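Colleague: After the structure tokens below, expect a handful of questions from me.
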Amino acid sequence: MSAGSASAAERFEAATYNQITWRLMPFLFVCYLLAYINRVSVSFAKLQMQTDLKMSETVFGAGMGIFFIGYFFFEVPANMMLRKLGARRWLGPIMITWGAVSACTLFVKSVYSFYAVRLLLGVVESGFFPGVILYLTFWYTRKHRAKMVAAFMTGIPVSSVVASPISGWILKHMGGMSHMSGWQWLFLAGGIPSMIAGLVTLLYLPDSPAESAWLSQEQKDMVARRLEEEEDVKKQAGGGQHRVSDVFRSPGVWLMCVIYFGIVMGSYGLTFWLPQVIKETITTDTQAIGWILVLPFGAATVAMIVGGRHSDITGERRWHVAGTLLLGAAAFAVSAIPGIPGVAGLVALTFAAMGIVTANALFWALPTDILSGAAAAAGIAWINSVGNLGGYVSPFAIGLIRDRTHSMFAALLVLSGAALVAGLVTLYVARKRA
């Protein structure tokens, strides 16, 4: 092939992937942003809801975390269903359902109804995140994947950047309207957009490149060829598990569950409890808390994008993931220093957010390097299922610690330890693929 024709082929490939990215990623980003708002709106609602329903820190922490028990049991079968039904017919109804369930949280009157609606929300949302991670493997090769996952997962910090000021305003100004509390309005306002987005998904999202009306046949063939070439490389290297049974026999998959458990511990420790930390150390004004939260999650958004891009450019995964986790561990430890001023603690937790959120996005380039075929659907879901149990352990443990010690000191050290272990395991499990 001549230099001119090679250059033309490279431009064609770049233009095709650019077209795919602009068609898919903004929409998937908005969907995940809505999913995350529905998932974590309870952290802001806690500022009023806990008092109204007379719940202890332990009880409320368990209620926040029980979401992930439903996640654990239903993620693997949900991802297998996506492979059978296709992304459009699976993700659309999931979004409509979780929006309705989240909105129904406004009817909670007791501990048990709170637990029930949170458990159900975890069940219906369990197929979305691992489903999208799998869906991206239908379109993108490893060369592009970390950047695309990072772009998709910016929905995590951006959801807080967008929703925190709005949530603070709703809590402060909507209480009493139509005989509803501010926290009830918060759940209603979060559920309706997800239901609308689910309807749009049914009309907009193609199941695969072959079914996209906006790609030419030549573009479809090129994407399929690149994916096949990547699968051949995995097979020749002996580095890919392809069958569902391979997932549960792979030590690497189980170690990745450990890594993701630590990441999720830190992530939800921040997301669920940071509003409460700010309330206790800086201000009790809910609207001001909303604006203050823009700082840590805005910084995390920038760090995630920069980290994903740099990891793709260099092709290095091991130290990008481990390094951001070790940063998070150190920052959590600093924030736990007894007597640290509120503003200094917020700065430390901002660095913790930057490290944990970036690691969360970059991590998903690791399992997709060793999994393919049916094993990719099951493996991604299994790692996410086991890892997300950290989303139950983290808020429950922090609530229990706060009830017994009336401080965040020990709780922040637990989050630091979880991030440290995850970082060290990353250095071990990814060493052969560095």
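Colleague: May I ask which of K143/K220; K147/K220; K109/K172; K147/K279 have a Cα-Cα span longer than 29 Å here?
Modeller: Violating the 29 Å limit, Cα to Cα: K147/K279.
Colleague: What's the ranking of 416-426, 104-114 by average number of surrounding C-beta atoms within 10 Å, highest first?
Modeller: Per-residue Cβ counts within 10 Å, averaged per peptide and sorted highest first, yield 416-426, 104-114.
Colleague: Cα centroids of region 287-334 and region 111-153: how far apart, whole angstrom?
Modeller: So the two Cα centres are separated by 19 Å.
Colleague: Sort 124-130, 222-228, 70-76, 263-269 for me by packing, meaning the mean count of neighbouring Cβ atoms within 10 Å per residue, highest on top.
Modeller: 263-269, 124-130, 70-76, 222-228
Colleague: What number, rounded to the nearest 500 deg cm²/dmol, is the helix-based mean residue ellipticity at 222 nm of the chain, given -39500 (n - 2.57) per DSSP H run of at least four residues and division by all its residues?
Modeller: Per the formula, -27500 deg cm²/dmol.
Colleague: Largest first, please: the extent of the C-alpha atoms of region 268-391 along each principal axis, to the nearest Å.
Modeller: Between the extreme Cα coordinates on each principal axis of region 268-391 lie 51, 29, 26 Å.
Colleague: Another question about this same structure. I need the fraction of alpha carbon pairs in region 1-71 separated by more than 21 Å, rounded to a whole percent.
Modeller: Of the Cα pairs, 57 percent sit more than 21 Å apart.
Colleague: So for each of 9-16, 329-336 I average, over its residues, the number of other beta carbons within 10 Å; can you give me the resulting order with the highest mean first?
Modeller: Highest mean packing first, the order is 329-336, 9-16.
Colleague: Still on this structure: May I ask for log10 I(q)/I(0) of the chain at q = 0.07 Å⁻¹, from a Debye sum over the Cα atoms as equal point scatterers with solvent left out?
Modeller: The computed values of log10 I(q)/I(0) come out as -0.33.
Colleague: For the chain, with only Lys/Arg (+1) and Asp/Glu (-1) charged at the beta-carbon, what is the dipole magnitude about the Cα centre, in debye rounded to 20?
Modeller: So the dipole magnitude of the chain works out to roughly 320 debye.
Colleague: Taking Cα pairs under 8 Å and at least six residues apart, what relative contact order does the chain come out at, in percent?
Modeller: 27
Colleague: Starting with the fewest neighbours, write out I305, I133 ranked by other beta-carbon atoms found within 10 Å of each beta-carbon.
Modeller: I305, I133
Each value in this text was obtained by applying a stated rule to the coordinates, not by laboratory testing. What you are looking at is a predicted structure, and each value in this text was computed from that prediction instead of being measured. Here Cβ is always computed from backbone atoms with ideal geometry, including for glycine, and neighbour counts include all displayed protein chains.
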